[in-house]
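No value in this document is a laboratory result; all are computed from the given coordinates. On a predicted model such as this, the values are computed, not experimentally measured, just so you know. Ideal geometry is used to build each Cβ from the backbone, glycine not excepted, and the neighbour counts take in all protein chains shown.
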Number of protein chains: 2
Amino acid sequence: MNQRQALTAFAALSQETRLQIIRLLVVAGPEGLAAGALAEKVEVSPSNISFHLKELEHSGLIDAQRQSRSIIYTANYESLGGLIRFLMEDCCSGHPEICAPAAAVTTCCAPKMEEKLQ
Amino acid sequence: MNQRQALTAFAALSQETRLQIIRLLVVAGPEGLAAGALAEKVEVSPSNISFHLKELEHSGLIDAQRQSRSIIYTANYESLGGLIRFLMEDCCSGHPEICAPAAAVTTCCAPKMEEKLQ
DNA sequence: TTCATATTTCAATAATCCTCGAAAAATTGA
DNA sequence: TCAATTTTTCGAGGATTATTGAAATATGAA
């Protein structure tokens, strides 16, 4: 993930409807959600959800895949992880001792690592 | 960091000049940089840097502090960390096993933790 | 084929954001 | 006080982005 990609990812996440979509898709997991289901959940019109889904897809944060009449969207965990990495590396490129507390964040993703540290 | 705060933070980071500012301030550390110095480094006019600094300050990602004639800006590591946490918690609220690789990110911030795991 | 479902595309409008330059504030030194 | 330095504020413009509804596309079922 380079700076240009990060820019478009941040732009994609800086709109309420799109941020809601991402959060729903992340929770939905690999099975994803259809465009129509997303439109219902975030309460916007089909054409509007389509517009925002295209933006998110273009940024690489989500993937699309047709399944019968529906188009199923899924979160792209790699690019989400890449964005997090971009933020943290920026952080640490300066003064690691200052931003070390941010490392505590991992307790939600790496409980096993936490156990080992007990 | 709630969703509303994350939205404004993402909006703040979704503009090239502002992203450059953040990266410079993170590297600069607690001593920060004056508005004029930032304007030189990113090669924009004083009024333009002022506009973007205000946006960043409003989002909480940076802090300002007058020092003689200059105004020194510093990165706010807490809010940056909060944003990272927001992204990761979203990530993990779904399927932790999928986004666990993102935990590898911490190797840049918490070398000591890595050592313990050897 | 015809119809219903699901989604996208398009054009127009509305809203927001960015840039620029001139003027105004705040601070310091002569 | 006057002048120089540093930064901000303001208004106008141009550019980008969001919303809306109507029409088009794709798929599957009758």
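The table that follows gives values for the structure above.
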item	result
FRET E, pair residue B:4, residue B:78, Förster distance 25 Å, beta-carbon r, rounded to 0.05	0.90
Neighbour-count order for B:51, B:86, B:10, fewest beta carbons within 10 angstrom listed first	B:51, B:86, B:10
Nm distances between copies for residue A:45, ranked from closest, using label points 7 Å along Cα→Cβ	3.9
Whether segment A:3-44 is rounded, prolate or oblate, judged on the alpha carbon gyration tensor where a/c under 1.5 counts as rounded	oblate
